[in-house]
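K.L.:
Sharing a structure with you now.
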Amino acid sequence: MRPMPRSTALGLLLLGVQAAACLDVDKEVDRFCLDNPVICSEGGPDAGPDGNAIQDGGGADGGDAGQDSGDAGQDGGDAGPDGGLPDGGREPPGWKPVNPMQMRRTAHTATVLKDGRVLVVGGSSTGDSSAVSPTKTTELYTVASNIWSPGGNLRTARMAHTATLLRNGNVLVVGGRGPTGGALDSAEIYDVAANQWTEVSPMPGGARAGHAAVLLPSGMVLVTGGGFSDFDGLDTSELYDPDNDRWTNAGVLNRKRNTLTLTLLDGGVAMAIGGFHRDGAETTAEVYNSYQPDGGWRLLSQRMGRGRNGHASTLLPSGEVLVTGSIAGSPATVLPTVDLFEPVSASWTPQADMREARFFHTATALPSGEVLVTGGYSTPYAQPHASAEILRRDGGREPIAPMSSARTSHTATWLESGSVLILGGTDGDVALNSAERYVPLSVVRAR
């Protein structure tokens, strides 16, 4: 079916509305297009059939130049037999000890493989964000036995990269910062069966770090935003086809976005939220319909209440997206604010603040619909938190026991055994190799 122009969608929408004079047109069109992604297109610059950006309403840079700290790049997956409880039975709620990793790591990734093991890749071995010491090493965590084993070495040492679980069970790692501190354009794939890495074609759009990536329903990987440095953002995006080792242009974002988040919504729609650029933290979000790649990126009309940088975006079981924390403004201020995105209405709703302001924290969805928030900075690049809290569905904010160590730039990964695995990060002075698991009360009640 040929995509319907946004203007035509608007016409159909107005035909069905009795009180058009009271209609918020932009918001209603956003809602219509999110509900009907297969028949609605347009918004930002189009990526044409040849992959080149074709302008249909944005400037040459994709619009006005305007930017999680959880697991980068949508790297979850169904845990297999190894995802069972370490003791083979039920666990009481709370924090559980985990054997430390073999290496100290911050700005790394953690990916649940299809057999239930957790693959930890790269990162920096120093806790100073200004120092660059990425590692080639990887390691594998076996949940049931609480044992770490070495993985194959990367071809290129990297940190601030993304890691994405592919449909065949292998893992794609893209970009990041290399040994010289500069951004990388390289990519490589981990073969789980062979325990080794193979270089694949580099990104033709150039190097990027602090970007985001997500696996699309087609099996392709969407890579978006990031930057060459910590001072500005990119508005480019690319698609990787692992079956053919081929990159194509995915169109130009309407805003430059470094350290953005990218969330896959129902219907194959990817949503880029916040991020920063030279002018500060972005209040906007935009969507990419993977079933209509020629439609490019479409900026949503409603903005969040505050700019988001160093935030976390969490897809809830309801299909809504919860956005927490940020560092924004001049002078920089760390925020406790929370916004909820409702895809059906394409609207943002402010929620109750977290108990503590945070950025570069993690926020992990629990099966109950609650969210576990851990760590992060509370003041600009001072000492991070050890604290944690549960964001309840009724708007309550429940403090829980702190982690064993203060940490930021760590990973938090949901395990199918019913707990959240916290790995590494920095305590503000040194990179950490410590690890721990949190078993939520809601899981215990459900068993």
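The values are calculated or read from the model by the stated rules, or taken from the named source; none is laboratory data. In this text, all values refer to a predicted model and were calculated from it rather than measured experimentally. Methodologically, a virtual Cβ is constructed for each residue, glycine included, from the backbone with ideal geometry; neighbour enumeration extends over all protein chains shown. The accessibility values were calculated without ligands, DNA or RNA, using every heavy atom of the protein model including side chains. Shrake-Rupley method; radii C 1.70, N 1.55, O 1.52, S 1.80 Å.
K.L.:
Please determine, by comparing only the residues of the stretch 160-205 that are in a loop (DSSP other than H, G, I, E, B) and under 14 Å from residue 224 (Cα atoms), which one is most open to solvent (accessible area, probe 1.4 Å).
P.N.:
The qualifying residue most open to solvent (accessible area, probe 1.4 Å) is 204.
K.L.:
Within the stretch 235-293, how many residues turn out to be at positive phi, open to solvent by less than 10 Å² (accessible area, probe 1.4 Å) and among the charged types (D, E, K, R)?
P.N.:
So the answer is 0.
K.L.:
If you don't mind, another one. So in the stretch 294-316, with the set limited to residues that are open to solvent by 10 Å² or more (accessible area, probe 1.4 Å) and under 16 Å from the mean Cα position of the chain (by Cα), which one is farthest from residue 361 (Cα to Cα)?
P.N.:
Per the criteria, the residue is 316.
K.L.:
Same structure, new question: For residue 94, all conditions in the list (1) buried (at least 16 other Cβ atoms within 10 Å of the Cβ); (2) under 20 Å from residue 434 (Cα atoms); (3) of a type outside the set (Ser, Thr, Tyr) hold save one; what is the number of the exception?
P.N.:
The one condition residue 94 does not meet is (1).
K.L.:
In addition: So residue 105 clears everything in (1) within 22 Å of the chain's Cα centre (by Cα); (2) surrounded by fewer than 17 Cβ atoms within 10 Å (Cβ to Cβ) except one condition, right? Which one?
P.N.:
All conditions pass for residue 105, except number (2).
K.L.:
Can you name every residue in the stretch 292-311 that is in a loop (DSSP other than H, G, I, E, B) and under 22 Å from residue 328 (Cβ atoms)?
P.N.:
300, 301, 302, 303, 304, 305, 306, 307, 308, 309, 310, 311, listed by residue number.
K.L.:
Okay, next question. Please list, ordered by first then second residue, the pairs with beta carbon atoms under 9 Å, 6 or more apart or interchain, first in the stretch 280-303 and more than 15 Å from residue 237 (Cα to Cα) and of a type in the set (S, T, N, Q), second part of a helix (DSSP H, G or I) and open to solvent by 30 Å² or more (accessible area, probe 1.4 Å).
P.N.:
301/25; 301/26; 301/27; 302/26; 302/27
K.L.:
Another question about this same structure. Where residues in the stretch 118-146 are open to solvent by 10 Å² or more (accessible area, probe 1.4 Å) and within 21 Å of the chain's Cα centre (by Cα), which of them is modelled with the highest pLDDT?
P.N.:
By that ranking, first place goes to 134.
K.L.:
Here's something else I'd like to know. Counting just the residues of the stretch 317-340 that are in contact with a strand residue (DSSP E or B) (Cβ under 8 Å, 6 or more places away or on another chain) and of a type in the set (S, T, N, Q), which one comes out most open to solvent (accessible area, probe 1.4 Å)?
P.N.:
So, considering only residues that are in contact with a strand residue (DSSP E or B) (Cβ under 8 Å, 6 or more places away or on another chain) and of a type in the set (S, T, N, Q), the one most open to solvent (accessible area, probe 1.4 Å) is 330.
K.L.:
On to the next question. Restrict the check to the stretch 171-181 and report whether at least one residue is touching an Asp or Glu at 6+ places or on another chain (Cβ under 8 Å) and either of a type in the set (Lys, Arg) or under 30 Å from residue 381 (Cβ atoms) (or both).
P.N.:
Checking the stretch 171-181: at least one residue is touching an Asp or Glu at 6+ places or on another chain (Cβ under 8 Å) and either of a type in the set (Lys, Arg) or under 30 Å from residue 381 (Cβ atoms) (or both).
K.L.:
Taking the stretch 219-231 on its own, how many of its residues are surrounded by 14 or more Cβ atoms within 10 Å (Cβ to Cβ), in contact with a Pro (Cβ under 8 Å, 6 or more places away or on another chain) and part of a loop (DSSP other than H, G, I, E, B)?
P.N.:
So the answer is 1.
K.L.:
Is it the case that some residue within the stretch 147-155 is out of contact with any Ser or Thr (no Cβ under 9 Å at 6 or more places or on another chain), at pLDDT 95 or above, part of a strand (DSSP E or B) and open to solvent by 20 Å² or more (accessible area, probe 1.4 Å)?
P.N.:
Yes; the residues of the stretch 147-155 include at least one that is out of contact with any Ser or Thr (no Cβ under 9 Å at 6 or more places or on another chain), at pLDDT 95 or above, part of a strand (DSSP E or B) and open to solvent by 20 Å² or more (accessible area, probe 1.4 Å).
K.L.:
Could you please tell me which pairs satisfy a Cβ distance under 6 Å, a separation of 6+ or placement on different chains, a first residue in the stretch 213-236 that is among the acidic types (Asp, Glu), and a second residue that is open to solvent by less than 20 Å² (accessible area, probe 1.4 Å)?
P.N.:
232/277; 235/62; 235/253
K.L.:
Here's another thing I want to ask about it. Go through (1) under 21 Å from the mean Cα position of the chain (by Cα); (2) over 22 Å from residue 160 (Cβ atoms) one by one and return the number of the condition residue 407 breaks.
P.N.:
Here residue 407 meets the rest and fails (2).
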